[in-house]
Amino acid sequence: MEYKDIADKFIKEYSDYKCDVINFSEYIEVNWKNSLSGDQLRILLQGIDVDFILKSLIYNVETVKRYKSKTKAKRYATVIGQFFNYIRRTTDIVNPDLYDAISYNRLRENSYMQQMMAYIDKCEMLAGIVEQEPLTSTEAEKILIWANEQFTIQEWENATSFKKAVAAVGIKMMMLYGITYRELRKMKWDDYDEAYEGVNNYVSLDFFFSRFLPTIISRKPSIYKGLWALPTPGLWNKVEG
């Protein structure tokens, strides 16, 4: 097992994360004086904890001054967390304490992201506030793949699977047309004009229905009347038509 092989495979799958992984790898090379293969690599990866990754961030911020904004620092923390999730999934490296810390919600005390953000938020060398970065092409593609998967079965077996399919419709509309979630939630079935296949004061849906929905909906979307609103985040729940 070679560290370079693991990192290269991760970068091949997540090409947008290349720079952050390279920066983390540099910190390892500076601080790990032993081999990055075989048993020595196993010892390293099984012994890495949140504090080690935090120190690698501090190195990139304060020593080599590579990251100068809170947003970039948060991205680094997120990428390295995903890197170790990848190691957990694809190798037999055992490091339960680190894997658990990464999997915890960031609001949980001593979670990986809680500890990383504690430094990022207080670091005076990092400018600005943490902002949400736009989706990368890789991230957008993964979301679209998930959305398409919700349409693979045209007859949904239960309410949950149908709600996921309707959420996928909303995701596609936001990504394709730039509709905000706030505006999307305002849409009700009464906004849909069955005669003209469009939505009053929004966007014509004939193009959308004909190209992005299953055939069963495209031919007669009115059969789903009463299942159109978005009163709760992420899911379109049933309302009276």
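The values are calculated or read from the model by the stated rules, or taken from the named source; none is laboratory data. Owing to the predicted nature of the structure, the values given are computational and were not obtained by experimental measurement. Because the Cβ atoms are built from the backbone with ideal geometry, glycine has one as well, and the counts that use them run over all protein chains shown.
Observations
- Under the condition of being closer than 22 Å to residue 123 by Cβ and either part of a helix (DSSP H, G or I) or among the acidic types (Asp, Glu) (or both), the residues counted in the stretch 31-78 number 25.
- For the stretch 174-198, the set of residues classified as at pLDDT 65 or above, part of a helix (DSSP H, G or I) and in contact with a Phe, Trp or Tyr (Cβ under 7 Å, 6 or more places away or on another chain) consists of 174 only.
- Number of residues in the stretch 79-115 that are of a type outside the set (Ser, Thr, Tyr) and in a loop (DSSP other than H, G, I, E, B) equals 10.
- All conditions but one from (1) under 20 Å from residue 88 (Cβ atoms); (2) surrounded by 13 or more Cβ atoms within 10 Å (Cβ to Cβ); (3) in contact (Cβ under 8 Å) with a residue 12 or more places away in the chain apply to residue 38; the one that does not is (2).
- For the stretch 110-125, the criterion of a residue being modelled with pLDDT under 85, more than 26 Å from residue 43 (Cα to Cα) and either surrounded by fewer than 12 Cβ atoms within 10 Å (Cβ to Cβ) or in the same structural domain as residue 52 (by TED's automatic domain parsing) (or both) is satisfied by no position.
- Scanning the stretch 72-118 for residues that are basic (Lys, Arg) and more than 22 Å from residue 6 (Cβ to Cβ) returns 72, 74, 106, 108.
- When residues of the stretch 1-18 are limited to those that are loosely packed, with under 14 Cβ neighbours inside 10 Å and farther than 10 Å from residue 86 by Cβ, the one nearest to the chain's Cα centre (by Cα): 15
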